[in-house]
Amino acid sequence: LFRMGDICLYKLSNAGRALKCFEEALQTLLLTDKESEDGTVSKAYFKVALTLIALGKYKKSIEYLKKALAICKEAYGVDNLHTVRVLILLGDAYLKSKESKRGIDFLH
């Protein structure tokens, strides 16, 4: 489902379909891998959030990014590439949602 979502988002420019794929993948992971929320789950939250941003749903994307960030911080710490990517996208989502103060805080 991740691969299909990536194809929909990047190759077909169909963010709506990509969102459905990523959300379905996330729900499947949460059902089957809930107790060991590792990088796979955080990446699923990240991909849903990235797609929501592409659809202009910034506030909703922030909810998913906060979940991804919590998992990343616990699993990898702050000095990790995936954690940094989540922080950057979270800052960007805040800026686009007109919460520039919070966005700047995440980008620093």
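Here are some notes:
- Segment Thr40-Thr28, extension gain: residue separation times 0.36 nm, minus the distance between their alpha carbons: 3.2 nm
- Subtracting the Cα-Cα distance of Leu55 and Lys96 from 0.36 nm times their residue separation leaves 13.6 nm of extension gain.
Throughout, read-outs are computed from the coordinates displayed, never taken from laboratory work. Computed from a predicted structure; not experimentally measured.
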